[in-house]
1. Do we have V85 as in a helix (DSSP H, G or I) and aliphatic (A, V, I, L, M) here?
2. For region 134-167, enumerate the residues that are open to solvent by 50 Å² or more (accessible area, probe 1.4 Å) and more than 14 Å from V69 (Cα to Cα).
3. Give the residues of region 66-78 that are of a type outside the set (S, T, N, Q) and under 18 Å from H158 (Cβ atoms), sorted by residue number.
4. Name every residue in region 58-82 that is hydrophobic (A, V, I, L, M, F, W, C), surrounded by fewer than 19 Cβ atoms within 10 Å (Cβ to Cβ) and either within 13 Å of the chain's Cα centre (by Cα) or part of a strand (DSSP E or B) (or both), in order of residue number.
5. Can you find, within region 95-154, the residue that is nearest to the chain's Cα centre (by Cα) among those that are farther than 24 Å from N74 by Cα and among the small types (G, A, S)?
6. If you go through region 43-56, how many residues are surrounded by 20 or more Cβ atoms within 10 Å (Cβ to Cβ) and among the aliphatic types (A, V, I, L, M)?
7. For region 102-166, give me every one of the strands (runs of 3 or more DSSP E) that falls completely inside it and has 2 or more residues that are among the aromatic types (F, W, Y) and under 24 Å from E56 (Cβ atoms).
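The values are calculated or read from the model by the stated rules, or taken from the named source; none is laboratory data. Keep in mind the model is a prediction, meaning the values are calculated, not measured. Quick reminder, even Gly has a Cβ in these numbers, built from the backbone with ideal geometry, and neighbours come from all protein chains shown. Just the protein is used for accessible areas: all its heavy atoms, side chains included, with ligands, DNA and RNA removed. Shrake-Rupley method; radii C 1.70, N 1.55, O 1.52, S 1.80 Å.
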Amino acid sequence: MGLWTACSAPKEEATEETAVEEEVVEEAPAPSNTVVDIAIGSPDHTTLVAAVQAAELVETLSGDGPFTVFAPTNAAFEALPAGTVEDLLKPENKETLTGILTFHVVSGNVLSSDLSDGQVVTTLNGQELTVSIVDGNVSIGGANVVAADLEGTNGVVHVIDTVLLPQ
């Protein structure tokens, strides 16, 4: 009889308490697409990005702006005399590099449709560049615009084929 009761005794069921954690979902910030981000995302602008970093201009050009950047390609930097880029990237040449880079930036959001032949624009380094439009081809300071109106959240980028050098 004892065996019978042991086998027929009610079974105790183990209960597990499961803690339910409430997951808080935060909205991801909107992806950044500043004029610096546009350059960083371009395989044709690695030299420009390195120069902007060396001149410590990333934070400035990632700011509110708006900025219009005339962005020379890697090929434009390669066309400079041998050793020029390497010398400019040295810490002791930061001031010169900053002057060159700010010569490529205009305050405001200037689209290609806002440019006119003979227009003079003042760059962030205080010097001026002249716009030329011939047969629909736009150039600035003698550099040809090869891609225009790459719009970002804090300005616009125009890709150029020459590094502009201030006087």
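1. On the way: in a helix (DSSP H, G or I): yes; aliphatic (A, V, I, L, M): yes.
It is true that V85 is in a helix (DSSP H, G or I) and aliphatic (A, V, I, L, M).
2. Selection gives V134, D135, G136, N137, G142, L165, Q167.
3. Initially, region 66-78 is screened for residues of a type outside the set (S, T, N, Q), giving 66-67, 69-72, 75-78.
Scanning region 66-78 gives P66, F67, V69, F70, A71, P72, A75, A76, F77.
4. The first filter runs over region 58-82 and keeps only residues hydrophobic (A, V, I, L, M, F, W, C), leaving 58, 61, 67, 69-71, 75-77, 79-80, 82.
Checking the rest, the ones that are also surrounded by fewer than 19 Cβ atoms within 10 Å (Cβ to Cβ) come to 58, 75, 79-80, 82.
Scanning region 58-82 gives a single hit, V58.
5. That would be G108.
6. Within region 43-56, residues that are surrounded by 20 or more Cβ atoms within 10 Å (Cβ to Cβ) and among the aliphatic types (A, V, I, L, M) number 4.
7. Values: elements: 105-107, 120-122, 128-134, 137-140, 143-152, 155-160.
So the answer is none; nothing clears 2.
Yes or no, residue by residue, for (1) of a type in the set (V, I, T); (2) at pLDDT below 90; (3) more than 24 Å from V138 (Cβ to Cβ):
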{"site": "A9", "(1), (2), (3)": "no, yes, yes"}
{"site": "V36", "(1), (2), (3)": "yes, no, no"}
{"site": "E56", "(1), (2), (3)": "no, no, yes"}
{"site": "T60", "(1), (2), (3)": "yes, no, yes"}
{"site": "G63", "(1), (2), (3)": "no, no, yes"}
{"site": "K90", "(1), (2), (3)": "no, no, yes"}
